[in-house]
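FYI, it's all coordinate maths here, none of it is from the lab. Worth saying up front: this structure is predicted, and the values here are computed from it rather than measured. When we count neighbours, we look across all protein chains shown, and the Cβ atoms used for this are built from the backbone with ideal geometry, even at glycine.
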Amino acid sequence: MSIAVTPTSCSFCLLTISLSKNLSTIFMARKRVSSFSLNFKFTSTIQSINIALIFSLTSGCMLIASKYEEIYPPEIKDFIYICDSAYNKSEIILMEQQILKMLNFSLNVTSPYRFLKCFNYKINPGAKAYNMALYLIELSLMEYKFLKYKPSLCAASALYLANRLVNKDLEWDKKAKAHYKEAELRQCAKELAVMTQGAASSSLNAVRKKYAQAKYMGISSIRIGRRS
């Protein structure tokens, strides 16, 4: 199970969101929700425990990730507000401690965004294609199935698809050279395209609204046909 949450009352960079998602995924993989015992007072049902843990875990991971990546990370009081006072300061700090202990303070998780910056510099597809690739990567953070791909492959696939959509450029292999070949990217790019087609009707529309802004060139308004 993976978790990716972008709180509406705070603005986080893509690196923070990506790191938070990776930390929560690794944490959940190491310790099943149903068997993890917190020192908080939850209701007795397993479903309620899971929901409570997910909100607590998300806040803890976002707090850690923002300290790691942001120049001015939010304060704990901001996360208390985001959680509608479901937790107090000591409970959020306790969760932060438990996450760090479980992960043995290993926070150096690779992000697709770092690879995207490298690929973009090498290929130089233009600002609009780059923004489209950013949009694709940020949407993929909410999809469990993209965990099966290496961050570098996911980044290359996003830029490959964005280059085709925006620039109608079909000569990836000539430009990529030492990077992934087109044949290696097709499956991931196809899944990115299908995901993006469903974004318009999804109830999780924060990312789509973000990339509809002028500073991102309204990139989320571009429609992807079935053959893309």
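So the values come out like this:
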quantity: Peptide ranges 199-208, 112-121 listed from the most packed, as the mean C-beta count within 10 angstrom indicates; calculated: 112-121, 199-208
quantity: Difference of contour (0.36 nm per residue) and Cα-Cα distance, Ala127 to Glu75; calculated: 15.4 nm
quantity: Net charge contributed by nearby residues that have their C-beta within less than 11 Å of Thr16 (K/R +1, D/E -1); calculated: 0
quantity: Förster-model FRET efficiency, 41 Å R0, Leu100 and Leu204, C-beta, rounded to 0.05; calculated: 0.90
quantity: Links that overshoot a 26 Å alpha carbon limit, given the list Lys101/Lys190; Lys117/Lys145; Lys89/Lys148; Lys150/Lys174; Lys174/Lys215; Lys117/Lys174; calculated: Lys101/Lys190; Lys89/Lys148; Lys174/Lys215
quantity: Per-residue ³J(HN,Hα) for the range 117-124, Karplus 6.51 cos²θ - 1.76 cosθ + 1.60, θ = phi - 60°, Hz, x for Gly and Pro; calculated: 4, 5, 4, 5, 5, 6, 8, 6
quantity: Over the range 84-228, equivalent-ellipsoid semi-axes from the Cα gyration tensor in Å; calculated: 31, 20, 14
quantity: Average Cα contact separation per residue, the range 159-222, under 8 Å, 6 or more apart, as relative contact order %; calculated: 19 percent
